[in-house]
1. Hey, can you tell me all the residues within segment 196-208 that are within 17 Å of residue 166 (Cβ to Cβ), of a type outside the set (Val, Ile, Thr) and modelled with pLDDT of 55 or more?
2. What number goes with the only condition from (1) surrounded by fewer than 23 Cβ atoms within 10 Å (Cβ to Cβ); (2) closer than 19 Å to residue 55 by Cβ that residue 156 does not pass?
3. How about segment 185-196: which of its residues are over 22 Å from the mean Cα position of the chain (by Cα) and surrounded by fewer than 19 Cβ atoms within 10 Å (Cβ to Cβ)?
4. The conditions are (1) more than 24 Å from residue 153 (Cβ to Cβ); (2) surrounded by fewer than 15 Cβ atoms within 10 Å (Cβ to Cβ); (3) of a type outside the set (Val, Ile, Thr), and residue 41 fails exactly one of them. Which is it?
5. Taking the condition under 13 Å from the mean Cα position of the chain (by Cα), of a type in the set (D, E, K, R) and within 16 Å of residue 55 (Cβ to Cβ), does residue 95 pass?
6. If we scan segment 63-75, do we find a residue that is part of a helix (DSSP H, G or I), in contact (Cβ under 8 Å) with a residue 12 or more places away in the chain and among the charged types (D, E, K, R)?
7. Out of the residues in segment 58-76 that are in contact with an Asp or Glu (Cβ under 8 Å, 6 or more places away or on another chain) and of a type in the set (A, V, I, L, M, F, W, C), state the one that is farthest from residue 109 (Cα to Cα).
8. Exactly one of these conditions fails for residue 199: (1) touching a Lys or Arg at 6+ places or on another chain (Cβ under 9 Å); (2) within 24 Å of residue 93 (Cα to Cα). Give me its number.
Amino acid sequence: MNTDVKMICRSGGKLRLSLALAVAIAAMGTLAIASSSYAAETNRAESDAVVAEAEKLVEQAGQANPVDTKLIHQAMDKLHTALKIDPRNDSAYVDLGFCYGVLRDADTAIDMYRTATDLNPSGPNFIELADIYMRVGDPQDALLAANAGIVKDPTNARLYNAKGLALNDLQRFDEAEDAWEKALRLDPNLKVAQANIDALNGGSSGRGSISKHPAQAPASNPLQ
């Protein structure tokens with residue numbers, strides 16, 4: 001009887017030890033995940049700060065006439081530094097896409113914008129991708145980008161405006177108007193969509209004035 005009791009006690013001790021180890025391992029795993037998450041957030045914040053510095057250089061470059069490409073290259077160096085800190089910083093890729101566009105490297109610009117959407121398939125990123133396709137004269141891929149963005153962000157009025165721009169260039173005018181009308185239903189204050197509808201329907205400006213930003217003078221295309 002005593003032997004049986006001792007065996008039970010030993011078994012119980014082993015069970016308690018196993019449970020304690022399991023709890024400890026689980027706690028260590030939770031701590032590791034929390035530490036990793038904290039490190040990722042810290043890296044992103046540091047990376048974002050470097051991106052902000054790069055964007056200031058890009059802004060300064062744009063104030064020169066012609067654009068100061070030396071400052072653009074400096075901005076690109078900072079953006080690459082930001083990606084070393086956080087390789088998943090989609091904002092850095094978006095800004096790199098813009099910089100390569102300024103330098104007339106269309107293929108690399110597109111690659112940068114596509115990488116941004118791969119990392120973060122957000123509405124704003126797909127708008128940027130659609131825009132670069134439009135600027136290089138590829139409305140078909142611009143339409144694909146706009147539609148992909150709408151799947152991810154179906155209430156983003158600017159995506160429907162981008163869709164309308166692509167459809168307009170594809171000479172699918174009725175569908176373009178539908179897209180702009182949808183944009184206005186989502187955001188009645190999106191004046192660019194109304195201006196594009198007016199231009200499409202033979203307003204005072206005519207179709208040639210269809211643009212993303214009707215309140216501004218048409219910007220020169222750095223990729224053409």
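1. 196, 199, 200, listed by residue number.
2. That leaves (2) as the condition not met.
3. 185, 188, 189, 191, 194
4. (1)
5. So residue 95 fits the description; yes.
6. Checking segment 63-75: not a single residue is part of a helix (DSSP H, G or I), in contact (Cβ under 8 Å) with a residue 12 or more places away in the chain and among the charged types (D, E, K, R).
7. Taking the candidates together, the pick is 61.
8. The number of the failed condition is (2).
The values are calculated or read from the model by the stated rules, or taken from the named source; none is laboratory data. In this text, all values refer to a predicted model and were calculated from it rather than measured experimentally. A quick note on method: Cβ atoms are made from the backbone with ideal geometry, for glycine too, and the neighbour counts reach across all protein chains shown.
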